[in-house]
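Step one of this worksheet: look at the structure below.
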Amino acid sequence: GQQLNQNPQSMFIQEGEDVSMNCTSSSIFNTWLWYKQDPGEGPVLLIALYKAGELTSNGRLTAQFGITRKDSFLNISASIPSDVGIYFCAGQEGGGADGLTFGKGTHLIIQP
Amino acid sequence: EAEVAQSPRYKITEKSQAVAFWCDPISGHATLYWYRQILGQGPELLVQFQDESVVDDSQLPKDRFSAERLKGVDSTLKIQPAELGDSAMYLCASSKGRFGYTFGSGTRLTVV
C-alpha cells in the first residue's frame, strides 16, 4: 500500500536539542496527524491538523499543515529523555472518516 | 480519558491455526478501523466500518481474513488459516467522523 515519505528515518540527538521531521506526499491530504508510538504500544495522537497553513502547538511540540496540502512538519523543542520513541505522520485524503496513510516513522534517540 | 480496548495483547499461534482479535471502540465513535503494522513500518489499513457496514476492505486478504461488527459497536478480526507472514501488530482505531482518531494498544501476533 501507499506510504508517505517521512524524513529522517532516525535521529540521534543530545538532550535539550530541538528536533525537526517532515512528511511529504504526492497526493493532497485534507487532514494531517502526528503520532508517537512506544515499543509494544499503539500510536498516541500528538497533534491533528485540519486546514492548509495551520500551525498548532501541544506543549513543546509544534506541527504545521503545508500550504500545498502535500506536506507537514513536526518540531520538538528542548528534547527530554521521554521524547524517545517512533514518530509517525499520517494523512487523510478525504473530508470524512477515511482511513489513514502513514509514513514509515522517525526513530528519535536521545544520547545522554 | 476514553480508550479503544483490544484483546488479547499478545497471541502466539501455530501456522494453519485460526486466530481472532477483539476491539471495543470509544463510545459514540461510529467509525472503526483495523490496521496491520509490520515491524519497522507504519500501520496499513485492512478494513473500515461505518456502524455495522464495511466501507473499505480493499486491502483485506479476503481468502484468509474476515472482519465483522455485527451490532455496530465492538468488532472481531479473524485469520484462518494463519501464515508465518501474518506475524505483526494488529491495531484497532475509532473516530467520530474525521475527529478523535484514537488507536488501541494493539495485539501482537506471532505465528510459529
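The charge dipole of chain A, taken about the Cα centre with unit charges on the Cβ atoms of Lys, Arg (+1) and Asp, Glu (-1), comes to about 260 debye, rounded to the nearest 20. Between the alpha-carbon centres of segment B:44-59 and segment A:58-82 there is a gap of 30 Å.
Between B:Glu68 and A:Glu41, the simple spin-label model (points 7 angstrom out along Cα→Cβ) gives 3.4 nm. Placing a label point 7 Å from the Cα of B:Tyr10 along the Cα-to-Cβ direction, the residues of segment B:76-90 whose backbone N falls under 15 Å from that point are B:88-90.
Residue by residue through B:42-53, how many Cβ atoms from other chains fall within 10 Å of the Cβ on average?
4
Volume of the convex hull of the protein assembly as shown (Cα atoms only), normalised per residue: 117 Å³. Take each residue in A:59-67, count the other chain C-beta atoms within 10 Å of its C-beta, and the mean is 0. For the protein assembly as shown, the Cβ-based charge dipole about the Cα centre amounts to some 180 debye (Lys, Arg positive; Asp, Glu negative; other atoms uncharged). Sorting the segments A:42-52, A:75-85 by their residues' average number of neighbouring beta-carbon atoms within 10 angstrom, most packed first, yields A:42-52, A:75-85.
3J(HN,Hα) along segment B:75-87, derived from phi through the Karplus expression 6.51 cos²θ - 1.76 cosθ + 1.60 where θ = phi - 60°, amounts to 9, 10, 10, 10, 10, 7, x, 6, 10, 4, x, 7, 4 Hz, with x in place of Gly and Pro. Rounded to the nearest Hz, the phi-derived 3J(HN,Hα) couplings of segment B:25-33 under the Karplus curve 6.51 cos²θ - 1.76 cosθ + 1.60 (θ = phi - 60°) are x, 5, 4, x, 7, 7, 9, 10, 10, where x marks glycine and proline. Result for chain B in a Gaussian network model with C-alpha springs under 10 Å: among B:Lys78, B:Lys11, B:Lys62, the largest mean-square fluctuation is at B:Lys62.
Express in nm, to one decimal, how much length is gained between B:Gln59 and B:Phe99 on full extension, taking 0.36 nm for each residue of separation and deducting their alpha carbon distance. Taking 0.36 nm per residue and subtracting the Cα distance, the gain is 12.1 nm.
Considering all projection directions equally, how large on average is the shadow of the alpha-carbon convex hull of segment B:13-59, in square nanometres?
Its average projected convex-hull area is 4.6 nm².
Springs between Cα atoms under 10 Å define the GNM used for chain B, and in it the highest mean-square fluctuation of B:Val55, B:Val73, B:Val47 occurs at B:Val55.
Note on A:Lys51: aspartates and glutamates with a C-alpha under 20 Å away, same-chain residues under 8 apart excluded, are A:Asp71, A:Glu93, A:Asp98. Backbone phi angles across segment B:60-65, fed through the Karplus curve with coefficients 6.51, -1.76 and 1.60 (θ = phi - 60°), yield HN-Hα couplings of 8, x, 6, 6, 10, 9 Hz in residue order; Gly and Pro are listed as x.
Under the Kirkwood approximation for Rh and a Cα-based Rg, what ratio Rg/Rh is obtained for chain B?
On the Cα set of chain B, Rg over Rh gives 0.95.
Under a Gaussian network description of chain A, with springs only between Cα atoms under 10 Å, the residue in A:Gly66, A:Gly96, A:Gly53 that fluctuates furthest is A:Gly96. Per residue of peptide A:86-92, the mean number of Cβ atoms on other chains within 10 Å of the residue Cβ is 2.
Percentage of Cα-Cα pair distances in segment A:1-99 greater than 21 Å, rounded to whole percent? So the portion of pairs separated by more than 21 Å is 30 percent.
In units of the rule-of-thumb radius 2.2 N^0.38 Å, segment B:40-101 shows an alpha carbon radius of gyration of 1.18.
Each value in this text was obtained by applying a stated rule to the coordinates, not by laboratory testing. Here the structure is a predicted model, which means the values were calculated and not measured. So basically every Cβ, Gly included, is an ideal-geometry build from the backbone, and we count neighbours across all protein chains shown.
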